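Asks: For reference, the structure I am asking about is given below.
The values are calculated or read from the model by the stated rules, or taken from the named source; none is laboratory data. Bear in mind that the values here come from a model prediction, so they are computed numbers and not experimental data. Neighbour counts are summed over all protein chains in view; Cβ atoms, including those assigned to glycine, are modelled from backbone coordinates with ideal geometry. Protein only, heavy atoms only, side chains kept; ligands, DNA and RNA dropped before computing areas. Shrake-Rupley method; radii C 1.70, N 1.55, O 1.52, S 1.80 Å.
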Amino acid sequence: MFELPPPDQTIAIIIVIFFAVGIHEYAHCKMADAAGDPTPGIHGRVTLNLTKHFELMGTIMMFVTAISGVGIGWGKPAPMDPRKMRNPRWDLFAAVAAGPLSNVLQAAFFGIWFRLSMQFAPEMLLSTPFLAALLHFGVALNLSMAFFNLIPFGPLDGHWLVGQLLPEKQRYYWYRFNRTFGMIGLFAIILILQLIRNSGGPDILWMVMGRPIAYTYQLFTGLPF
C-alpha cells in the first residue's frame, strides 16, 4: 500500500524536487541560449520561473521513487536546436551536461550546509526533523537525478552525451534507435531489473546507480547513505 512519509519529510521532498528538476532543465536551456540557440527563449524556457520546466509523469515518478530514498525522474525536455549553436557538436554537449552538473552542484550545496550545521548547530539539526530531511534529500535526490540522467539510454541526458562523442553516421543511428525504442526500452529494463532483484537476484540497478550515489553522498556529507 502506498503511504506518504511524515509531513515534514513530504514537504522537504517536494521542495528538493522543485529545485532539482527546475534548475536542471533551466541549466540546459540557459547553456543552449548562451551558445546562440534562440529555441529555448522562443519557448519561454530561459527563465528562473521553475514551474515552466516540469513534466507531469517525470515529476510524479521522482516523487514516488523518492519516498523509497532514491528519486529517479525527469523534467520537461529542453527545446534545443544544435544547428543554431555556434559550435553545434560541443555546445550541445555542454548544454546537455549542464543539467546533471546543476544537480551535483545542488547536492554539494546541501552537503556543505549539512556539514556546517553539524559543526556549528548540531542540536538544532537533530531537533528539527524538517531541516534534517531537507538536507538529506537535498543531497540524495539531486545525486540520484544526476546519475540517473547520465544513463546512456532512452530520453535521458546520457544518450545525448554518448551520441555527441560518436562519428556522424553512428550518431545518426544511435539517436534514431533511442527515439524509436528509448523510452519503452528504459522502462522495460528498469522493470526487468526490479523483477530480478525481487526474485532474489543481484540488485543491478543499485550496482550501476546506487554505489556512485552512496559514495558521493558520503563524500558530501561525511555520513553513509
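Asks: Taking Cα pairs under 8 Å and at least six residues apart, what relative contact order does the chain come out at, in percent?
Replies: 20
Asks: Between Leu195 and Arg83, with labels modelled 7 Å along Cα→Cβ, what's the label distance in nm to one decimal, could you check?
Replies: Here the modelled spin labels are 4.1 nm apart.
Asks: Quick check: with the 1.4 Å probe, what order do Arg171, Arg86, Arg211 take by accessible area, largest first?
Replies: Reading off the accessible areas and sorting them downward yields Arg86, Arg211, Arg171.
Asks: Could you give the nm distance between label points at Val208 and Thr180, where each point is 7 Å from its Cα heading toward the beta carbon?
Replies: 2.1
Asks: Relative to the longest principal axis of the C-alpha atoms of the chain, give the angle of the C-alpha long axis of helix 88-120, reported between 0 and 90° and rounded to the nearest 10°.
Replies: Once rounded, the angle reads 10 degrees.
Asks: Moving to a separate point now. Is there a quick way to get the dipole size of the chain? I mean about its Cα centre, with the Cβ of Lys and Arg at +1 and of Asp and Glu at -1; what is the value in debye to the nearest 20?
Replies: Rounded to the nearest 20 debye, it is 720 debye.
Asks: Can I ask one more? Heavy atoms only, probe 1.4 Å: what % of the accessible area of the stretch 64-158 goes to carbon and sulfur, would you let me know?
Replies: Roughly 71 percent of what the probe reaches on the stretch 64-158 is carbon or sulfur.
Asks: Relative to the first principal axis of the alpha-carbon coordinates of the chain, what is the inclination of helix 168-198, with its axis defined by its Cα atoms, in degrees from 0 to 90 and to the nearest 10?
Replies: Around 30 degrees separate the two axes.
Asks: Considering the dipole of the chain built from charges on the beta carbon (Lys and Arg +1, Asp and Glu -1) around the Cα centre, which of Ala133, Gly163, Pro202 is farthest to its positive end?
Replies: Working it through, the farthest residue towards the positive pole turns out to be Gly163.
Asks: Right, another one. Given a 1.4 angstrom probe, what's the average accessible area per residue across the chain, in square angstrom?
Replies: Value returned for the chain: 53 Å² of accessible area per residue.
Asks: Compute the angle between helix 129-149 and the longest alpha-carbon principal axis of the chain, please, reported from 0 to 90 degrees and rounded to the nearest 10.
Replies: 30
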